[in-house]
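A quick write-up on the structure given underneath.
The values are calculated or read from the model by the stated rules, or taken from the named source; none is laboratory data. Predicted model, so just to flag it, every value in this text is computed and none were measured. Glycine also receives a Cβ, built like all others from the backbone with ideal geometry; neighbour counts cover every protein chain displayed.
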Amino acid sequence: MEAVAGSPLAAASTFLRAHFLPLAATRRTILLVEDEDSITAPLSEALSREGFEPVIAGTAAEALELAASRSPDLVLLDLGLPDGSGLDVCRELRSRSTVPIIMVTARGEETDRIVGLEVGADDYVVKPFSAREVVARIRAVLRRTAAPPPTPLGEVVELGDVRVDRARRSATLAGEQLELSRKEFDLLQLLVDNAGTVVKRERLIDEVWDTNWFGSTKTLDVHVSALRKKLGDDPSTPRYIHTVRGVGFRFAGQDEL
Ligand code: CA
């Protein structure tokens, strides 16, 4: 028996397909590693409401097990667990995957935060927090760590006098070869690929240095300043690489050059 087109059944099924299947297909799994029900209960409720699929682990052992079996899209990791430290869980997770990790620390435990970021966490939240705050942070980290969409860019990008050849890994300024280090080239490539828009510091560091941001934020500035010098940019009135204070850098778009 078929659903007759135009019948309430057909309409309902069209509605369901249009509205629920895409949602179900993109529900992202968040692994909550926390032993306190008073925290996990409201949080997992908030996550479900926001379209995520929460999975709860109450111990370090369970966290590693569920991380392997459920391949979560993000891990929210409490540092105080009954059978060990969240830092060890973080280290272990990092050794086997690039899953984004937000760690949860107690107020004032700055050392934990520093160590956590050093062993590979992407961000942290401090207890006590609201479910809303955590959900916002989860979204931000997921956005930041998402694979960049494939850009239909050619092998060569030309902006003003700057010409970057991806395949040859070479760049010229007004026809003159630029002598760039590997990192400087990668940095330039990422900036010109996103010309006209801000590239966040975290993303630059993630993609160019392939490490957590904590140790490297100075390194980024040093490389940007070297790159500017080679492009003949005056840092106070740059033509090419603009600083967006507190956020990142923006390579001038075609229309500005
Ligand atoms: Ca705890």
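Scan segment 149-168 and tell me whether some residue there is modelled with pLDDT under 85 and on the phi > 0 side of the Ramachandran plot. Among the residues of segment 149-168, not one is modelled with pLDDT under 85 and on the phi > 0 side of the Ramachandran plot, which makes the answer no. Comparison of VAL99, VAL119, VAL104, VAL125 shows that the only residue that is in contact with a Lys or Arg (Cβ under 8 Å, 6 or more places away or on another chain) and under 18 Å from ARG144 (Cα atoms) is VAL125.
Pairs meeting the criteria (first residue in segment 36-55 and in the same structural domain as GLU133 (by TED's automatic domain parsing), second residue in a helix (DSSP H, G or I) and acidic (Asp, Glu), beta carbons under 9 Å, at least 6 apart or on different chains) are PRO54/GLU45. Give segment 56-86 a look and list any residue that's buried (at least 21 other Cβ atoms within 10 Å of the Cβ) and within 16 Å of the ligand (Cβ to nearest atom), or say none. Passing the criteria: ALA57, ALA60, ALA63, VAL75, LEU76, LEU77, ASP78, LEU79, LEU81, GLY86. In the set (1) within 16 Å of the ligand (Cβ to nearest atom); (2) of a type in the set (Lys, Arg); (3) surrounded by 14 or more Cβ atoms within 10 Å (Cβ to Cβ), ARG107 fails one condition alone, (3).
Taking segment 87-99 as the range and being surrounded by 23 or more Cβ atoms within 10 Å (Cβ to Cβ) and either aromatic (Phe, Trp, Tyr) or under 24 Å from PRO128 (Cβ atoms) (or both) as the test, the residues that pass are VAL89, CYS90.
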